[in-house]
Amino acid sequence: MPLSPDQQSEIDTLRAAPQGTLRATAPGMEKHLYTAYPVLDHGFVRVVDYMGDDAAICQAARVSYGRGTKSVSNDEGLIRYLMRHWHSTPFEMCEIKLHVKLPIFVARQWIRHRTANVNEYSARYSILDREFYVPAPEHLAAQSAINNQGRGEALSGEEADRVLRYLRDDASRAYDHYAQMISTEGQQGLARELARMNLPANIYTQWYWKVDLHNLLHFLRLRADAHAQYEIRVYADAICNVVRDWVPAAYAAFEDYRMGGAQVSGKGMDCIRRMLKGEDVTQESSGMSKGEWREFQALLDGSA
Ligand SMILES: Cc1cc2nc3c(=O)[nH]c(=O)nc-3n(C[C@H](O)[C@H](O)[C@H](O)COP(=O)(O)OP(=O)(O)OC[C@H]3O[C@@H](n4cnc5c(N)ncnc54)[C@H](O)[C@@H]3O)c2cc1C
């Protein structure tokens, strides 16, 4: 279970005490505030705080004295224009602060996004919980034969049982030794900052992660994508559900231009123009490499 009864009670207390404010609030976001959404077997994502809404993006773009809102359709049009033309700074006026519980190997991918503010649970100061990510059977996939960074079919039968046993036993044994090393019963006990080094990468950590909307959308573009590893993608998907309600117009523009759109090279544009004129363009006549041509074809037939 991702939250203890005490933690859940703290969240319930916060949600039971609404506070008056002159600041703009996003109705769609208020329902998410503080709620922990489970991700993987022990993880979660929850919104701790946020600033701004769709109107704040327009307000900044117009450098307005008031809320900056014209009509909803006017604002939606402006947001789509900003997104389409990579006029990104108005999106930086919105911020979100998340509390995330995630396996360390997922955290290593996540932390590569340098444009956020992070404060992680200290395993020098505190003792890590005995919680490890173990994939559900349907996610216990074999190495992909065609993509070095990807997965194939799920393992099954004895092989799946053996892998699950290794994952559970190794994590359990490493944690037992960790607990014994820091134990102070009758002895000094090893420092926590040292004892943690034998813990596996599937143990859970936690952090507060604060980021502006522009950089959050960049993160989601990369991590809610089919090419991202499943274990980080599920966190990105959970965040997408929140962002969709927080800034509906910005999220719709993001879905259209970034998630649904595509980047086409100059050679690609040339091929498209020639195809529209009826030419039978091939990889040889496209000027593209085989790999690039394959990706271009996938883009055109919608399987990318
Ligand atoms: C599918 C996938 C596979 C990956 N595989 C690997 C891998 O094999 N090995 C690996 O090491 N990484 C890998 N990565 C990580 C990837 O290379 C990026 O480090 C990560 O996605 C963060 O992207 P970012 O730098 O754009 O994000 P952020 O750090 O959030 O930066 C956002 C943007 O800010 C700007 N910026 C931020 N910091 C700087 C800076 N110091 N200088 C200049 N501009 C800056 C850049 O424009 C950047 O795009 C992978 C990522 C994905 C999504």
Each residue of region 149-162 in order: what ³J(HN,Hα) in whole Hz does its phi give by Karplus 6.51 cos²θ - 1.76 cosθ + 1.60, θ = phi - 60°, with x for Gly and Pro?
9, x, 10, x, 5, 6, 5, 9, x, 4, 5, 5, 4, 5
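What does the charge count near SER183 come to, summing +1 for each Lys or Arg and -1 for each Asp or Glu among other residues with Cβ under 15 Å from its Cβ? Working shown, then result.
Values: positive: ARG130, ARG192, ARG196; negative: ASP176, GLU185.
Once all neighbours under 15 Å are counted, the net charge is +1.
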If you project the alpha carbons of the chain onto the principal axes, what extent comes out on each, in Å, largest first?
81, 58, 30
If amide H atoms are modeled at 1.01 Å from N in the peptide plane, then the residues at a separation of 5 or more from LEU140, or on another chain, having amide H under 5 Å from its own are LEU155
Amide H of ARG151: which non-local residues (sequence gap of 5 or more, or other chain) have their own amide H closer than 5 Å, using H built in the peptide plane?
SER144
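How much mean residue ellipticity at 222 nm does the chain get from its helices, if each DSSP H run of length 4 or more adds -39500 (n - 2.57) and you divide by all residues, to the nearest 500 deg cm²/dmol?
Working: 13 runs with 136 residues, N = 304.
For the chain, the value works out to -13500 deg cm²/dmol.
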Expected vector for region 82-99, Karplus 3J(HN,Hα) from phi with 6.51, -1.76, 1.60 and θ = phi - 60°, integer Hz, x for Gly and Pro, equals 4, 5, 5, 9, 6, 7, 8, 4, x, 6, 6, 6, 9, 9, 9, 10, 10, 9
Can you grab the distance from the C-alpha centre of region 175-220 to the C-alpha centre of region 105-155, Å, no decimals?
13
Amide hydrogen neighbours beyond the local backbone of TYR37, cut-off 5 Å, H modeled:
VAL45, ARG46
Report the one residue of GLY43, GLY152, CYS58 whose Cα lies farthest in the direction of the positive end of the charge dipole of the chain (charges on C-beta: Lys and Arg +1, Asp and Glu -1; origin at the Cα centre).
CYS58
Taking the Cβ of each residue in TYR235, TYR133 as the centre, tally the other Cβ atoms inside 10 Å and list the residues starting with the fewest.
TYR133, TYR235
Show me, for region 246-262, the HN-Hα J-couplings you get by feeding each phi into the Karplus relation (A = 6.51, B = -1.76, C = 1.60, θ = phi - 60°), rounded to Hz, glycine and proline as x.
6, 10, x, 5, 5, 5, 5, 5, 4, 4, 6, 7, 9, 6, x, x, 8
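For every other residue with a beta carbon closer than 13 angstrom to the beta carbon of ASN198, add +1 if it is Lys or Arg and -1 if Asp or Glu, then tell me the sum.
On the way: positive: ARG173, ARG192, ARG196; negative: ASP170, ASP176, GLU193.
After counting each charged neighbour, the total is 0.
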Given charges at Cβ of Lys, Arg, Asp, Glu: the chain dipole, positive-most of CYS94, CYS240, TYR121:
CYS94
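Read the figures in this text as sums done on the coordinates, not as results from a lab. Being a predicted model, the structure only gives us computed values, none of them experimental. Every residue, glycine as well, gets a Cβ built from its backbone with ideal geometry; the counts of neighbours run over all protein chains shown.
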